[in-house]
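> Following this message is one structure expressed as structure tokens.
The values are calculated or read from the model by the stated rules, or taken from the named source; none is laboratory data. Keep in mind that what you see is a predicted model, and the values were worked out from it rather than measured. In this analysis, Cβ positions are derived from the backbone assuming ideal geometry, glycine residues included, and neighbour counts consider all displayed protein chains.
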Amino acid sequence: MSISGLVQLSISTAIFLLAASMAKSWAMTPSMWKLALTLVLYSAGNLIMLRLVREFGMAAAFSLSAVIQLVSVTVIAFAFFGERLTLVQSIGVILAILAVCLITLGPWLSGR
């Protein structure tokens with residue numbers, strides 16, 4: 001992954017984390033401005049993702065983004081919203097991380 005791709009992935013992740021936090025805030029106390037901001041943030045994150053798909057391919061771009069968001073959103077849910085995962089959900093998160101590692105490292109491990 002290039003430096004440019006890493007920067008774009010970081011920016012999109014930050015935007016998606018803001019969007020997810022705003023969505024949780026909207027769920028707790030709904031208002032139109034929170035809904036509008038949530039939609040704008042998700043749209044901006046997805047526009048950046050389109051560039052990453054072009055540069056790295058759909059599987060790699062969305063897989064990396066998904067696992068980074070999965071871990072980051074889980075940390076935010078724990079730290080700021082007091083949420084917890086069950087044992088089965090925790091195992092699911094770990095398996096998702098392992099799956100993305102295999103998808104991402106697959107070509108390198110197989111020599112392609």
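> Which residue pairs have Cβ atoms under 8 Å apart, sit 6 or more places apart or on different chains, and have a first residue in the stretch 19-37 that is within 22 Å of G82 (Cβ to Cβ) and in contact (Cβ under 8 Å) with a residue 24 or more places away in the chain and a second that is part of a helix (DSSP H, G or I) and of a type in the set (A, V, I, L, M, F, W, C)?
A19/L41; A20/V73; A20/I76; S21/I76; S21/F80; K24/A77; K24/F81
> Let me ask something else about it. Quick one: would you say F80 is touching a residue at least 12 places away in the same chain (Cβ under 8 Å), exposed (fewer than 14 other Cβ atoms within 10 Å of the Cβ) and closer than 28 Å to S25 by Cα?
yes
> Out of (1) surrounded by fewer than 14 Cβ atoms within 10 Å (Cβ to Cβ); (2) within 17 Å of T13 (Cβ to Cβ), what's the single condition that is false for A59?
(2)
> Something else now. Filter the stretch 77-99 down to the residues that are among the β-branched types (V, I, T) and modelled with pLDDT of 90 or more and list them by number.
Listed by number, the residues that qualify are T86, V88, I91, I94.
> Out of the stretch 1-43, which residues are aromatic (F, W, Y) and within 15 Å of the chain's Cα centre (by Cα)?
The answer is F16, Y42.
> Inside the stretch 38-50, can you point out the residues that are touching a residue at least 24 places away in the same chain (Cβ under 8 Å) and more than 24 Å from G5 (Cβ to Cβ)?
None; the set is empty.
> Checking the condition in contact with a Gly (Cβ under 7 Å, 6 or more places away or on another chain) and either surrounded by 16 or more Cβ atoms within 10 Å (Cβ to Cβ) or at pLDDT 95 or above (or both), which residue from I68, I15, I48 passes?
Exactly one residue qualifies, and that residue is I15.
> List the pairs whose first member sits in the stretch 100-112 and is closer than 21 Å to Q69 by Cα, whose second member is small (G, A, S) and modelled with pLDDT of 75 or more, and whose Cβ atoms are under 6 Å apart, counting only residues at least 6 apart or on separate chains?
V100/S63; I103/S63
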